[in-house]
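Contents: one structure, followed by commentary.
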Amino acid sequence: MDNPSRPVTGYPAPNQNGHPHPPPNAAYPYAAAPPPSQPYAYNPYYQAQTPIYRRPAFVRSFLITMIALAIIFGCILFIFWLVVRPRVPEFHVTSLSVSNFSTNNSQLTANWDARVQAYNPNKKMSVYYYDVFSAINYNSVTLSRTQMPPFEQGTRNQTELTAKFAVVGSYIEEKAVNSINSERSGGSVKFDFRLEAYARFKYGAWRMRRKWARVWCDDVAVSLSSSSGSGNLVGGSKKCRVAI
(Lines give C-alpha, C1' and ligand atoms only; values in the text may rest on other atoms or scores of the structure.)
Protein backbone atom coordinates (compact mmCIF):
# COMPACT_ATOMS: atom_id res chain seq x y z
CA MET A 1 0.00 0.00 0.00
CA ASP A 2 1.52 3.29 -1.06
CA ASN A 3 2.28 6.02 1.30
CA PRO A 4 0.15 9.06 0.38
CA SER A 5 2.83 11.47 1.70
CA ARG A 6 5.51 10.15 -0.65
CA PRO A 7 6.30 12.47 -3.57
CA VAL A 8 5.14 11.30 -6.93
CA THR A 9 7.74 10.81 -9.65
CA GLY A 10 7.41 10.15 -13.37
CA TYR A 11 4.65 11.51 -15.57
CA PRO A 12 2.51 14.20 -14.10
CA ALA A 13 -0.85 13.24 -13.00
CA PRO A 14 -3.55 13.69 -15.63
CA ASN A 15 -5.87 16.63 -15.40
CA GLN A 16 -9.04 16.08 -13.65
CA ASN A 17 -10.95 16.90 -16.86
CA GLY A 18 -9.31 14.03 -18.63
CA HIS A 19 -7.11 15.98 -21.07
CA PRO A 20 -3.30 15.66 -20.97
CA HIS A 21 -1.05 18.52 -20.03
CA PRO A 22 0.50 20.47 -22.96
CA PRO A 23 4.16 19.86 -23.62
CA PRO A 24 6.66 22.23 -22.03
CA ASN A 25 7.13 25.65 -23.70
CA ALA A 26 4.06 25.04 -25.88
CA ALA A 27 1.72 27.89 -26.82
CA TYR A 28 -1.73 27.92 -25.42
CA PRO A 29 -4.38 26.59 -27.74
CA TYR A 30 -6.12 29.98 -28.21
CA ALA A 31 -5.11 32.30 -31.10
CA ALA A 32 -1.90 34.22 -30.58
CA ALA A 33 -1.39 37.86 -31.53
CA PRO A 34 -0.39 38.30 -35.22
CA PRO A 35 3.26 39.00 -35.84
CA PRO A 36 4.17 42.62 -36.42
CA SER A 37 4.08 43.65 -40.06
CA GLN A 38 7.40 44.09 -41.76
CA PRO A 39 8.46 47.66 -42.49
CA TYR A 40 8.26 48.85 -46.12
CA ALA A 41 11.38 47.88 -47.90
CA TYR A 42 12.89 50.92 -49.67
CA ASN A 43 13.68 50.17 -53.26
CA PRO A 44 15.86 52.94 -54.70
CA TYR A 45 15.63 51.58 -58.24
CA TYR A 46 11.84 51.65 -58.21
CA GLN A 47 11.74 55.15 -56.72
CA ALA A 48 14.12 56.47 -59.35
CA GLN A 49 12.23 54.88 -62.22
CA THR A 50 8.74 56.07 -61.23
CA PRO A 51 9.11 59.79 -62.26
CA ILE A 52 10.98 58.75 -65.40
CA TYR A 53 8.00 56.64 -66.37
CA ARG A 54 5.43 59.41 -65.76
CA ARG A 55 7.29 62.48 -67.06
CA PRO A 56 7.45 61.53 -70.77
CA ALA A 57 3.71 60.88 -70.76
CA PHE A 58 3.00 64.33 -69.30
CA VAL A 59 5.38 66.07 -71.72
CA ARG A 60 3.88 64.21 -74.66
CA SER A 61 0.35 65.17 -73.64
CA PHE A 62 1.39 68.79 -73.14
CA LEU A 63 3.05 68.98 -76.57
CA ILE A 64 0.05 67.40 -78.27
CA THR A 65 -2.26 69.92 -76.57
CA MET A 66 -0.08 72.87 -77.61
CA ILE A 67 0.12 71.66 -81.21
CA ALA A 68 -3.64 71.20 -81.35
CA LEU A 69 -4.24 74.70 -79.96
CA ALA A 70 -1.76 76.19 -82.44
CA ILE A 71 -3.52 74.47 -85.34
CA ILE A 72 -6.94 75.68 -84.14
CA PHE A 73 -5.67 79.23 -83.65
CA GLY A 74 -4.05 79.19 -87.09
CA CYS A 75 -7.29 78.02 -88.69
CA ILE A 76 -9.18 80.83 -86.94
CA LEU A 77 -6.69 83.43 -88.21
CA PHE A 78 -6.83 82.03 -91.72
CA ILE A 79 -10.65 82.12 -91.76
CA PHE A 80 -10.57 85.67 -90.38
CA TRP A 81 -8.12 86.72 -93.09
CA LEU A 82 -10.35 85.20 -95.78
CA VAL A 83 -13.40 87.04 -94.44
CA VAL A 84 -11.85 90.43 -93.64
CA ARG A 85 -8.82 90.53 -95.98
CA PRO A 86 -7.00 93.38 -94.16
CA ARG A 87 -5.04 95.79 -96.35
CA VAL A 88 -2.38 98.36 -95.51
CA PRO A 89 -3.60 101.99 -95.64
CA GLU A 90 -2.30 104.32 -98.36
CA PHE A 91 -0.68 107.74 -97.95
CA HIS A 92 0.17 110.45 -100.50
CA VAL A 93 1.79 113.86 -100.12
CA THR A 94 -0.49 116.08 -102.15
CA SER A 95 1.12 119.43 -101.32
CA LEU A 96 4.33 120.73 -99.76
CA SER A 97 5.25 124.41 -99.72
CA VAL A 98 8.28 126.17 -98.23
CA SER A 99 8.65 129.82 -97.17
CA ASN A 100 11.31 132.01 -95.51
CA PHE A 101 13.95 129.44 -96.36
CA SER A 102 17.57 130.41 -95.61
CA THR A 103 20.79 128.64 -94.62
CA ASN A 104 23.23 131.25 -93.32
CA ASN A 105 26.29 130.19 -91.32
CA SER A 106 24.97 126.62 -90.92
CA GLN A 107 21.77 127.97 -89.36
CA LEU A 108 18.49 126.97 -90.94
CA THR A 109 15.34 129.07 -90.92
CA ALA A 110 12.24 127.86 -92.78
CA ASN A 111 8.52 127.11 -92.71
CA TRP A 112 6.89 124.08 -94.33
CA ASP A 113 3.20 123.41 -94.95
CA ALA A 114 2.37 119.82 -95.86
CA ARG A 115 -0.89 118.22 -96.95
CA VAL A 116 -1.19 114.47 -96.80
CA GLN A 117 -3.98 112.23 -98.04
CA ALA A 118 -4.66 109.06 -96.00
CA TYR A 119 -6.87 106.33 -97.46
CA ASN A 120 -8.25 103.22 -95.76
CA PRO A 121 -8.86 100.62 -98.52
CA ASN A 122 -10.42 98.04 -96.20
CA LYS A 123 -14.07 97.16 -96.77
CA LYS A 124 -14.76 95.78 -93.28
CA MET A 125 -12.16 97.31 -90.99
CA SER A 126 -11.83 100.85 -89.63
CA VAL A 127 -8.57 102.25 -88.26
CA TYR A 128 -7.77 104.75 -85.53
CA TYR A 129 -4.44 106.64 -85.39
CA TYR A 130 -3.06 108.28 -82.26
CA ASP A 131 0.28 109.62 -81.00
CA VAL A 132 0.83 110.94 -84.52
CA PHE A 133 4.19 112.60 -85.25
CA SER A 134 5.51 113.89 -88.56
CA ALA A 135 8.84 115.32 -89.64
CA ILE A 136 10.66 117.01 -92.51
CA ASN A 137 14.03 115.42 -93.27
CA TYR A 138 16.84 116.05 -95.67
CA ASN A 139 19.15 113.11 -96.44
CA SER A 140 18.34 111.43 -93.09
CA VAL A 141 18.85 114.72 -91.19
CA THR A 142 15.73 115.80 -89.30
CA LEU A 143 15.09 119.49 -89.99
CA SER A 144 11.80 119.90 -88.11
CA ARG A 145 9.31 117.70 -86.23
CA THR A 146 5.76 118.27 -85.03
CA GLN A 147 2.86 116.39 -83.45
CA MET A 148 -0.45 115.97 -85.27
CA PRO A 149 -3.93 115.35 -83.81
CA PRO A 150 -5.30 111.78 -83.74
CA PHE A 151 -7.76 110.77 -86.43
CA GLU A 152 -10.05 107.88 -87.30
CA GLN A 153 -10.93 106.40 -90.67
CA GLY A 154 -13.97 104.29 -91.45
CA THR A 155 -14.07 101.69 -94.18
CA ARG A 156 -12.86 103.06 -97.52
CA ASN A 157 -12.48 106.49 -95.97
CA GLN A 158 -10.22 109.21 -97.35
CA THR A 159 -8.87 111.84 -94.94
CA GLU A 160 -6.93 115.03 -95.65
CA LEU A 161 -4.21 115.79 -93.11
CA THR A 162 -2.22 118.99 -92.64
CA ALA A 163 1.08 119.49 -90.87
CA LYS A 164 3.00 122.72 -90.28
CA PHE A 165 6.70 122.87 -89.50
CA ALA A 166 8.81 125.82 -88.42
CA VAL A 167 12.45 126.22 -87.52
CA VAL A 168 14.40 129.38 -86.70
CA GLY A 169 18.18 129.50 -86.51
CA SER A 170 18.55 125.75 -86.06
CA TYR A 171 22.06 124.39 -86.53
CA ILE A 172 22.64 121.82 -89.26
CA GLU A 173 25.87 120.23 -90.41
CA GLU A 174 27.91 121.99 -93.06
CA LYS A 175 27.71 118.91 -95.29
CA ALA A 176 23.89 119.16 -95.35
CA VAL A 177 24.02 122.93 -95.98
CA ASN A 178 26.35 122.48 -98.95
CA SER A 179 24.12 119.76 -100.40
CA ILE A 180 20.99 121.94 -100.05
CA ASN A 181 22.69 124.91 -101.68
CA SER A 182 23.88 122.67 -104.50
CA GLU A 183 20.30 121.52 -105.17
CA ARG A 184 18.97 125.07 -104.95
CA SER A 185 21.30 126.07 -107.75
CA GLY A 186 19.39 123.54 -109.89
CA GLY A 187 16.04 125.13 -109.06
CA SER A 188 14.57 122.58 -106.61
CA VAL A 189 15.31 120.77 -103.34
CA LYS A 190 14.13 117.27 -102.43
CA PHE A 191 12.86 116.83 -98.88
CA ASP A 192 11.62 113.71 -97.11
CA PHE A 193 8.31 113.59 -95.26
CA ARG A 194 7.91 111.16 -92.35
CA LEU A 195 4.84 110.16 -90.37
CA GLU A 196 4.69 107.76 -87.43
CA ALA A 197 1.71 106.79 -85.27
CA TYR A 198 0.06 104.00 -83.36
CA ALA A 199 -2.69 102.37 -85.44
CA ARG A 200 -5.49 100.21 -84.08
CA PHE A 201 -7.74 98.34 -86.52
CA LYS A 202 -11.32 97.52 -85.61
CA TYR A 203 -13.69 94.94 -87.07
CA GLY A 204 -17.16 95.37 -85.63
CA ALA A 205 -16.84 95.12 -81.85
CA TRP A 206 -13.49 93.32 -82.10
CA ARG A 207 -10.36 95.47 -81.77
CA MET A 208 -6.95 94.29 -82.83
CA ARG A 209 -3.89 95.11 -80.79
CA ARG A 210 -2.21 98.38 -81.64
CA LYS A 211 0.55 98.51 -84.23
CA TRP A 212 3.29 101.00 -84.98
CA ALA A 213 2.63 102.59 -88.39
CA ARG A 214 5.47 104.24 -90.32
CA VAL A 215 5.08 106.32 -93.46
CA TRP A 216 8.00 107.33 -95.71
CA CYS A 217 7.59 109.89 -98.49
CA ASP A 218 11.06 110.28 -99.99
CA ASP A 219 12.38 112.82 -102.49
CA VAL A 220 9.45 115.23 -102.39
CA ALA A 221 10.74 117.96 -104.74
CA VAL A 222 10.01 121.63 -104.00
CA SER A 223 10.81 124.45 -106.42
CA LEU A 224 13.39 126.43 -104.47
CA SER A 225 16.06 128.47 -106.21
CA SER A 226 19.07 130.29 -104.81
CA SER A 227 17.40 133.65 -105.30
CA SER A 228 14.07 132.71 -103.70
CA GLY A 229 13.17 131.53 -100.22
CA SER A 230 9.77 130.11 -101.19
CA GLY A 231 8.58 127.23 -103.32
CA ASN A 232 5.89 124.60 -103.92
CA LEU A 233 5.60 120.91 -104.71
CA VAL A 234 6.94 119.87 -108.10
CA GLY A 235 5.67 116.93 -110.12
CA GLY A 236 2.29 116.37 -108.48
CA SER A 237 1.26 114.02 -105.70
CA LYS A 238 3.93 111.77 -104.19
CA LYS A 239 3.07 108.22 -103.10
CA CYS A 240 4.47 107.08 -99.78
CA ARG A 241 5.70 103.73 -98.48
CA VAL A 242 3.76 102.38 -95.50
CA ALA A 243 4.76 99.74 -92.97
CA ILE A 244 2.53 98.46 -90.17
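The values are calculated or read from the model by the stated rules, or taken from the named source; none is laboratory data. Here the structure is a predicted model, which means the values were calculated and not measured. Counting neighbours? That spans all protein chains shown, and the Cβs are built from the backbone with ideal geometry, glycine included. Heavy atoms of the whole protein, side chains included, go into the accessibility calculation; ligands, DNA and RNA do not. Shrake-Rupley method; radii C 1.70, N 1.55, O 1.52, S 1.80 Å.
Residues with beta-carbon under 12 Å from that of Leu224, excluding Leu224: net charge, scoring Lys, Arg +1 and Asp, Glu -1?
Local net charge: +1.
Could you order Arg194, Arg87 so the one with the most accessible surface comes first? Probe is 1.4 Å.
These residues rank, largest area first, as Arg87, Arg194.
With respect to the cross-link table entries Lys123/Lys211; Lys202/Lys238; Lys190/Lys211; Lys175/Lys211; Lys124/Lys238; Lys175/Lys239, which display a Cα-Cα separation exceeding 25 Å?
With Cα atoms farther than 25 Å apart: Lys202/Lys238; Lys190/Lys211; Lys175/Lys211; Lys124/Lys238; Lys175/Lys239.
Using a 1.4 angstrom probe and counting only protein chains, how large is the accessible area of Leu69 in Å², to 10?
Here the residue's solvent-accessible area equals roughly 100 Å².
Per residue, how many Å² of accessible area does the stretch 149-244 show with a 1.4 Å probe?
59 Å²
Net charge near Lys202, counting Lys/Arg +1 and Asp/Glu -1 over other residues with Cβ under 12 Å of its Cβ?
Taking every other residue near Lys202 into account, the sum is +4.
Kindly state, to the nearest 0.05, the FRET efficiency for Ser230 paired with Tyr119, given R0 = 30 Å and r defined as their beta-carbon distance.
0.55
Can you give me the distance in nm between label points at Asn100 and Ser237, each placed 7 Å from the Cα along the Cα-to-Cβ direction?
So the two model labels end up 3.1 nm from each other.
Subtracting the Cα-Cα distance from 0.36 nm times the residue separation, let me have the gained length for Asp219 to Tyr203 in nm, one decimal.
Additional length available on full extension: 2.2 nm.
What is the local net charge at His92, summed over the other residues whose Cβ is closer than 15 Å to its Cβ (Lys, Arg +1; Asp, Glu -1)?
0
Quick one: which residues, 5 or more positions from Ser188 or on another chain, have an amide H under 5 Å from its amide H? H modelled 1.01 Å from N in the peptide plane, none for Pro or chain starts.
Sorted by chain and number, the residues that satisfy this are Leu224.
Give me the accessible area of Val141, 1.4 Å probe, in Å² rounded to the nearest 10.
Here the accessible area works out near 50 Å².
When the accessible area of the stretch 83-134 is split by element with a 1.4 Å probe, what percent falls to carbon and sulfur?
The value for the stretch 83-134 is 41 percent carbon and sulfur by accessible area.
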